[in-house]
1. How much of the accessible area of the range 43-110, in percent, comes from carbon and sulfur atoms when a 1.4 Å probe is used?
2. May I ask you to order 63-71, 431-439 by the average number of other C-beta atoms within 10 Å around their residues, highest value first?
3. Using the C-alpha atoms of the range 70-158, what convex hull volume per residue, in cubic angstrom, is computed?
4. Expressed as a whole percentage, what fraction of the accessible surface of the range 560-607 belongs to carbon and sulfur atoms when a 1.4 Å probe is rolled over the protein heavy atoms?
5. Rounded to the nearest 500, what is the 222 nm mean residue ellipticity of the chain from helices alone, with -39500 (n - 2.57) per DSSP H run of 4+ residues and division by all residues?
6. What ³J(HN,Hα) values, in whole Hz, does the Karplus curve 6.51 cos²θ - 1.76 cosθ + 1.60 give for the range 455-465 when θ = phi - 60°, with x put for Gly and Pro?
7. Given R₀ = 45 Å, what would the calculated FRET efficiency be for SER142 paired with ALA282, taking r from the Cβ atoms and rounding to 0.05?
8. Can you work out the PRE-style zone for ALA157? Point 7 Å along Cα to Cβ, and I want the residues of the range 520-562 with backbone N under 19 Å.
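The values are calculated or read from the model by the stated rules, or taken from the named source; none is laboratory data. Quick caveat, the model's predicted, so the values are computed rather than measured. Here the Cβ positions follow ideal geometry from the backbone for every residue, glycine too, while neighbour counts run over all protein chains shown. These accessible areas exclude ligands, DNA and RNA; they are computed on the full protein's heavy atoms, side chains included. Shrake-Rupley method; radii C 1.70, N 1.55, O 1.52, S 1.80 Å.
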Amino acid sequence: VALLLIPAEAALATLQSCAAKGVRYVIIFTGGFGELGEAGQQVEAQMLALARQSGMRLYGPNCAGMTMLAPRLGLTFSTEFSNDGRTGKLSRIGLVTQGGGLGRSLMQGDERGVRFSRWFSTGNELDLDSADFIHWMANDPSTDIICTVMEGIKDGARFIAAAAAAQRAGKPVIALKIGRSDFGKKAAQSHTASLAGEDVVNDAVFSQYGVIRVEDLDEMLDVASLLSRVGVRNVSRICVYSSSGGAGVLSADKVGEAGLVMATLADATVQEMARHAPSYAALTNPVDLTTKALVDPELAKRCLTPLFADPGVDVVLYPITSNYAASTEGLVRNMLEVASTGGKAFVPVWMSSRRGPAHQLLIQEGFAPMYSLRNTMLALGRINAYTNRSADTADTPPSGLPSSAPRIELPCNEQDAKQLLSQYGVRSPRETLAESADAAAQQANAIGYPVALKLVADGVLHKSEVGGVQLGLQNEQQVREAFTRIQTNARQHGIAQTAIRGALVSEMVTNGVEILVGIHRDEVFGPVLSVGAGGIWVEVDSDVARCHLPASRAMLARTLDQTRIAKRLASHRGLPARDREALIDAMQRIVALFTAMEDQAVQSLEVNPLVVLDAGKGVVALDAVIE
């Protein structure tokens, strides 16, 4: 291993010397490369080419290096390394950050009892990237939990492979993805020259592959410390135990807001507590022993013991509202004696701004305190969602798919796209292409009124925006007038006559729920499916959920259920249920079509609207676009 602490302009020559000596790994602390622009990117390209040619692996550049605390090895320039992991017991938590400053901030979480055992700061990720270290820790027997702060994901497949490896190993990955806003994206690119990506896609991928997404550093420390202590388990049933009635009520409020539940205590639990508690104590949940608990520390131990034995309780939450020095310390010491026996998650919340011996005692004994009830419930909610996430199932592809891949002719218009969908079992309305007003009238008579007319023109994706859609036409005259109007509108919007193919005359399908099903090729993760409310109000409603492909039928169904419009598929107030299973089947078939066109540079396929009819009646694709 060579460590480079030299000016950027000398880096390439030094790497050439390293390669000549057969160095296997180089950690490049130096900054001033790709993050500064084109000139730095050219130097990085030369460095990477040299590494590929020689077999040498590069870590960085522009990084804080590697900090290992078990066993202890500091390949870093940080003067703080001497303080890392020197007090208290290390947790089996690994950390990967692209930047050094945020990583150092998390490492100093040991002051509040969150102690990482290893930290990799990857910088510009010219060669080795965050995913490589996540993947390594997934297989590391000394790591149980993996935390990562990511400014960008350059290689989506590499990240997914790492997340999947952690999933298989049963190791939660906790991720803070920064660069979410337009401002943040620009900052991320200038800092590490990395691609922030579409944040909604990041969100979908994280959820799909079991990555716990957090919003800031405090939340990462909270979730990591709780997970390291309680493990992956159900933590939804909360018992609040306090010496403050107000804190108990506030805690109950926050439990409800977080979607968790206040545990129902067993009669035997309440009776046992009543043997020791003062007559004026509240012994249902929340449990309030009043200030009697402060002057009689043994009371806490006697009342906590039955709570920790109650099968209906997952978590005992203890809000510590004030620091009363020795009194609080004695109370906490007795509580820890019971909590240390295990069996329940014990979660202390230090609500006072004043620290003291009791606060230090919690840290010393491995019960890192939370610092707000809101953040506590957020962390418990994250753990609960991770514990109860649905496992994916083996999949069966839909029947009747073509044996050979379809070929598309470019440019591809709506009629062409629908013909491809038809080959994959997704039907369209009865419709034909008309090249004149008279032909349109004849075809409308054959289909039956009312009908719709839609412009067919190469390269025109959103026909309604150029006046290319006419709906609810009731007779021949209306059809002829609509055809002429569509042609005129198209020319007025600058569409060349040679691009206009005519108009589709289509039966009207109105009795159903309009859904959008689309697939696009994300520049980081590849194919991503979107499903949600369809029609002309897609952008306004913003009711869309996404998942990465490939995905099982069960995953497609779960993605659909993340949308608000999914509820409209069920029977409601006398309205019939819609054909949900046919919709999911159509989603599978649309995915199969997109996958079959993979080698034809197809960037997106959108069916909008896909009308879901009554149960048993199927679905109908009213419009489709392939780019």
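1. The nonpolar share, carbon plus sulfur, comes to 55 percent.
2. Numbers: 63-71: 20.2, 431-439: 16.8.
Per-residue Cβ counts within 10 Å, averaged per peptide and sorted highest first, yield 63-71, 431-439.
3. Once divided by residue count, the hull of the range 70-158 is 100 Å³.
4. Details: 1200 of 2450 Å².
Carbon with sulfur: 49 percent of the solvent-accessible area.
5. Theoretical 222 nm ellipticity from helices: -11500 deg cm²/dmol.
6. 4, 10, 8, 4, x, 9, 8, 10, 5, 5, 6
7. 0.50
8. Under cut-off, by backbone N: 520-529, 548-552.
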